[in-house]
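Working notes, beginning with the structure itself.
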Amino acid sequence: MTATIEPRAPDIRSAGRRQTAALSAFLLVQTLGTVFFVGDVIGDLRKDPTSVHFLFEAFVTMALVLGILFGAFALRRTVELLRAQEQALDVARGALSEVIDRQFRSWGLTPAERDVAFLALKGLDVAEIAELRGAAQGTVRAQLTRIYAKAGVSGRAQFAAYFVEDLLGQGVAA
Amino acid sequence: MAAPRTATAEAVPPPRLWDPLVRLTHWGIAFVVLANGLVNKGGSLVHVSLGWAVMALLLSRLVWGVLGPYEARFSAFPPNPVAAARHLGQLISGRVRRYPSHNPAGALAIYAFWTLLAAVIVTGLVLTGGATPMQVAADKAAVASGDWSALIREDEGDEGDSPLREVAEEAHEVASNLLLVLAALHVAGVFVEGRAMRRNLVAPMLFGERRR
C-alpha cells in the first residue's frame, strides 16, 4: 500500500549495490589471479629453489596478497557505510512521520482523521482511501474537508505543501 | 515498506540481501561443484582450471569470514552442534527462531562444506602434482605435438601409482561425492526452512526482495 510513491532512495540503494557488486567481482578476479600466480611460483621454486628470480616473485606475491586484504577491508567498509546510510534514511523517514503526527495532533485531528490525512499526504485519492479504510467515499470526503478546515488550509495542495515547506527550509526565489 | 516497520522483535533481523561477495562465492562454488562433480572429466584442463578457480573462491570467502561485514563473519555463525540439534527440533515442531546470520544447522553444514571442499582441492593438487592449469595446458600441448617427455615428467613427479596417490584419488572421489550429497541436503534445507519461516530464502542470495 506504500507503493504509490517511492522516494528516490532506491536509486541510491541500487547504485550502492552495483558499486559493491563490482568491487566484489574485482576482488574475486584479483584473488583468482593471485592463486594462479602463487601456484606458478611454487612450481618454479620446486624446479629451481636457488633462483634469485624467487625473491622478486615473493615480493610480487606479497604485494598481491596485501592488495587483496586491503581490497577486502575497503569493501567491508563500503558495505557497512551503505547500510548505515540506508538506516539513516529510514530513521529520517521515521522522524518525518513523527513530525507529521505531532502536527496532526496539534490540529486536534481524531484518530480516524489522522489516518485519512496520512493517506492523503501519501498521494492516495478519495476512492483509494475509501477502499483501504472500508468506508464510503462520501465519508472520506467529509473527513478530508474537516481535516483541511482544522489545518486552516484551502485544499489538498496546500495541505501537502504545509509539510514540504518545512523540509525545503528556504523562501521562494523570484 | 520501510525497514523499521517490517523488522520483527529480534534485534538483528536476518539479512534481506547477502553482500555481493557472499553471493558471488556461493554461486561460483555451486557452479564448480556441479560442473566438476557431474560433467567434467577428472584431470581435464577444464576440470583442473575450475579446481584452481574454486580454490580462489574458497580463499576469498575465508578471508571474508574475518574481514567481511557482520553476518559474513565466522563469529556470527560459530559451529555449535547443540544449537544445531535444537534448531532441527524446532523445525520439526514448526516453530523456528530467526537468526541474524546462518541458522545453527546451516552453519554446521557450511563448515562441513568448506572442509570437504578444501579436502577435494588438496587431494586434487596431489593428483596433478600441483600443476597449474598453465602447466597442464602446456603438457597436453606437448603430448599432442608428439613430445612424450611431458608424460615421463608427470610420472617422475608423483612416482607412478604411489600409495599417497592412491589414497588421494580415493579421498578426492569420496569427498566430492559427499559434497554433492551435502549440496542436495542444502537445497532441501532451504526449501523446508523457507516453508517453516514463511520467508523467501532464495531471494537474499540472488538480488534481494523485489520492492512491490
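Laboratory data are not the source of any read-out in this text; all were calculated from the coordinates shown. Small disclaimer: the values here were computed from a predicted structure and weren't measured. We place every Cβ from the backbone using ideal geometry, glycine too, and count neighbours over all the protein chains shown.
At most 14 other Cβ atoms within 10 Å plus a DSSP loop assignment makes a site exposed; report the longest stretch of chain A without any exposed trypsin sites (Lys or Arg not before Pro).
A:9-121
Sort out for me the Cα centre separation of segment A:91-169 from segment A:15-86, rounded to whole Å.
55 Å
On a 0 to 90 degree scale, rounded to 10, what angle separates helix A:137-151 from the longest Cα axis of chain A?
Between the helix axis and the principal axis of chain A, the angle is about 90 degrees.
Along the charge dipole of segment A:1-93, which of A:59, A:87, A:71 sits closest to the positive end, that is, farthest toward it, with unit charges on the beta carbon of Lys, Arg, Asp and Glu (+1, +1, -1, -1)?
Farthest along the dipole direction, towards plus: A:87.
Using a Förster distance of 45 angstrom, determine the FRET efficiency expected from the C-beta separation of residue A:132 and residue B:192, and round it to 0.05.
0.80
In segment A:107-174, if the dipole is taken from +1 on Lys/Arg beta carbons and -1 on Asp/Glu beta carbons about the Cα centre, which of A:127, A:160, A:143 is farthest to the positive end?
A:143
To the nearest whole number, what is the average tally of beta carbon atoms from other chains within 10 Å of the beta carbons of peptide A:92-98?
Per residue, the average neighbour count from other chains is 1.
By the gyration tensor of its Cα atoms, with a ≥ b ≥ c the square roots of the eigenvalues, what is the shape of chain A: rounded for a/c under 1.5, prolate for a/b over b/c, or oblate?
Prolate shape, in that a/c is at least 1.5 and a/b is the bigger ratio.
Taking the Cα-to-Cβ direction at residue B:174 and at residue B:92 and moving 7 Å from each Cα, how far apart do the two end points lie in nm?
Here the modelled spin labels are 2.9 nm apart.
If the viscosity is 0.692 mPa s and the temperature 37 °C, what translational diffusion coefficient in µm²/s does Stokes-Einstein give for the protein assembly as shown when Rh comes from Kirkwood over Cα pairs?
Stokes-Einstein gives a translational diffusion coefficient of 128 µm²/s.
Relative contact order of chain A, please, whole-number percent, based on alpha carbon pairs below 8 angstrom and at least 6 residues apart.
Relative contact order here is 21 percent.
On full extension of the chain, what length is gained from residue B:30 through residue B:66, given 0.36 nm per residue of separation minus the C-alpha to C-alpha distance?
Going from the current span to full extension adds 10.8 nm.
Under 13 Å from the Cβ of residue A:145, count the other residues' Cβ atoms, weight Lys and Arg +1, Asp and Glu -1, and hand me the total.
Neighbourhood net charge equals +3.
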